[in-house]
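Note sheet for the following structure.
The values are calculated or read from the model by the stated rules, or taken from the named source; none is laboratory data. All values reported here derive from a predicted model rather than from experimental measurement. Ideal geometry is used to build each Cβ from the backbone, glycine not excepted, and the neighbour counts take in all protein chains shown. Note: accessible area is taken over every heavy atom of the protein model, side chains too, but ligands, DNA and RNA are not part of it. Shrake-Rupley method; radii C 1.70, N 1.55, O 1.52, S 1.80 Å.
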Amino acid sequence: MPFNSFAPNTVIKSADINTNFTNAVHKTDSQTITNKVNIPAYTSLSPSASGTATCDLSLYNWFTINMPAGNITIAISNATVGQPFVIEILQDGGGSRTVTWFTTIKWPSGIAPYLTTTASKKDTFGFKVTSAGNYDGYYIAQNI
C-alpha cells in the first residue's frame, strides 16, 4: 500500500514504514520515528465539596471541572515542561463557588482571575508548564 493511501487512524507497523515509506524521505534526510503517547484530549472532573480536583497531565490536556456544592482546590500532576493544557470551570446550579489554584502560576499583570460566580456559567483558562512546578496562566474566556 503506498504511504499516502492509509485511512485515518490506521495503525502503521514498522513493516509498513520499511516497505512503503522508502521513497517518502530524501536519502540525505535524517529522521527518527519514536514512540509517542497519544494523550486523549478531554476529561470531566467532579470533585466533592471542599475537595481537590487533580488534573493528571499524563492522561489529558483539557479538563472540565464541574463545581460541587462547595469550594475546591485544583492540583496538577505529571506535568512536562512545555506542555500546554486547558481548565474549564463550570459553576453548579447554585453558583458562587471558588477555587484555590495550584501554586506558582504567573498570570497576566500578576493578577489571578476572578471566577464567574453566576450559576451554570463557565470560565476557561489556558496554561503552559514553564519549568517543574511553574506555569504561565492565561484567561481564555469568562462568563460563558
At q = 0.27 Å⁻¹, work out log10 I(q)/I(0) for region 37-104 with the Debye formula, treating every Cα as an identical point scatterer and leaving solvent out; two decimals please. -1.22
Accessible area (Å², 1.4 Å probe, nearest 10) - THR130: 60
Beyond 15 Å, how much of the Cα-Cα pair distribution for region 72-140 remains, as a whole percent? 53
Amide H to amide H under 5 Å from THR73: which residues, 5+ apart in sequence or cross-chain, H placed 1.01 Å off N in plane? GLY51, THR52, ALA53, THR100
Sum of side-chain charges, ARG97 neighbourhood, beta-carbon under 15 Å (Lys, Arg +1; Asp, Glu -1): -1
